[in-house]
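Below: the structure, in structure tokens.
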Amino acid sequence: MADPLVLGIETSCDETGVALVRGYDLLVDAVASSVDEHARFGGIIPEIASRAHLEAMVPTIERALATADVSLGAVDAIAVTAGPGLVGPLTVGASAAKALALALDKPLYGVNHVIGHAVVDELVDGAFPERVMALVVSGGHSSLLLLDDTVRVTELGSTLDDAAGEAFDKVGRLLGLPYPGGPHIDRLAREGDPAAIRFPRGLTAAKDQAAHAADFSFSGLKTAIARWVEARQDAGLEVPLPDVAASFAEAVADVLTAKTIAACRAHGVDTLVVGGGFSANSQLREMAAKRCAEAGIELRIPPIRYCTDNGAMIAALGSAVVRRGLPPSSLDLPVDSSMPLTQVLV
């Protein structure tokens, strides 16, 4: 199928995403989120998320089809997130996709959520060149991936502890900010001085470069901030939230971009795509744009609406897989909460 009409279903966490993609054209992207139901717990509760997906699945599919003025019978293939993610939510999405594939007699493709965060940019800026570097940063992942022909993936590095988005949520909680912490820290950081406090940059020392040149670590940074805030409070001094937020965000963006640019140079790659929920962070976007321009690297970052979990990214990756003639998944495809990032398709 040269231009397949792919229905994409995403349920890896707390968003029920359904999208329709034909080739590189996005026809519709419908999302139902349960994030407000988790806010009082300070994090995602898998059982609540699973039940929310069950309630939202059929209405979201119906809304997507109606908006695109497309019937289910017109769909050529169905793509669904097989992992990584939370087992309960993944199972709800996979079960819905299997039922549709069986009822419609259409091929089913269980695809990788993390790689979808990068490939969704093909719907915005067109087909990838033969080789691209992808930095995928979110609440659960900080991964550096080398993509050949879009669907052949080499994992160059990842987080050894907290992912970037996870660190933002934890620091946000430490600073007394509402959940999720990322948007609130980003807002505060715009009012602060990023050079006010020099927080540590994990895995950037010379002794770490040989073994962890492309890996990330933000746990030590989180601890350093906690100690700085405690020392300030113990001294009876006010904690300058905007300066702390700005200095923290600067440290994270500095590490992410420096290691990514170095990896692009090491592998001779001149196109970088940045995706995932944390790619909405303004300091990361600004620093990535500046450093890519200095290095002569083309930077591709999808609009913010495609940074958080959505069906468009799954439909985009499904479309890429179908166009390349990769074999479909079986109807008994398993979900995998820790699906390897080198595995595009189950």
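The values are calculated or read from the model by the stated rules, or taken from the named source; none is laboratory data. Computed from a prediction, not measured in an experiment: that's the story for all the values here. Neighbour counts are summed over all protein chains in view; Cβ atoms, including those assigned to glycine, are modelled from backbone coordinates with ideal geometry. Accessible surface is based on the protein model in full, side chains and every heavy atom, while ligands, DNA and RNA are left aside. Shrake-Rupley method; radii C 1.70, N 1.55, O 1.52, S 1.80 Å.
Couple of notes before you dig in:
- When Asp121, Asp148 are checked against the criterion of being within 22 Å of Asp25 (Cα to Cα), surrounded by 18 or more Cβ atoms within 10 Å (Cβ to Cβ) and touching a strand residue (DSSP E or B) at 6+ places or on another chain (Cβ under 6 Å), Asp121 stands alone in meeting it.
- Considering Pro84, Pro89, the condition of being touching a Cys at 6+ places or on another chain (Cβ under 7 Å) and modelled with pLDDT of 95 or more is satisfied by Pro89 alone.
- At least 3 residues being outside the structural domain of Ala320 (by the TED database) and among the polar types (S, T, N, Q) is the threshold, and among the strands (runs of 3 or more DSSP E) wholly inside the stretch 1-89 not one reaches it.
- Selection count where residues are exposed (fewer than 13 other Cβ atoms within 10 Å of the Cβ) and closer than 23 Å to Gly277 by Cβ, scope the stretch 306-341: 1
- Complete set of residues in the stretch 197-228 that are surrounded by 17 or more Cβ atoms within 10 Å (Cβ to Cβ), part of a helix (DSSP H, G or I) and of a type in the set (Val, Ile, Thr): Ile225
- Selection within the stretch 293-305 - open to solvent by less than 40 Å² (accessible area, probe 1.4 Å) and either in contact with a strand residue (DSSP E or B) (Cβ under 6 Å, 6 or more places away or on another chain) or part of a loop (DSSP other than H, G, I, E, B) (or both): Ile297, Arg300, Ile301, Pro302
- Residue in the stretch 189-207 that is touching a strand residue (DSSP E or B) at 6+ places or on another chain (Cβ under 8 Å), within 21 Å of Met287 (Cβ to Cβ) and in the same structural domain as Thr150 (by the TED database) present: yes
- Residue identified as β-branched (Val, Ile, Thr), within 27 Å of Ile115 (Cβ to Cβ) and touching a Phe, Trp or Tyr at 6+ places or on another chain (Cβ under 9 Å) among Thr154, Thr159: Thr159
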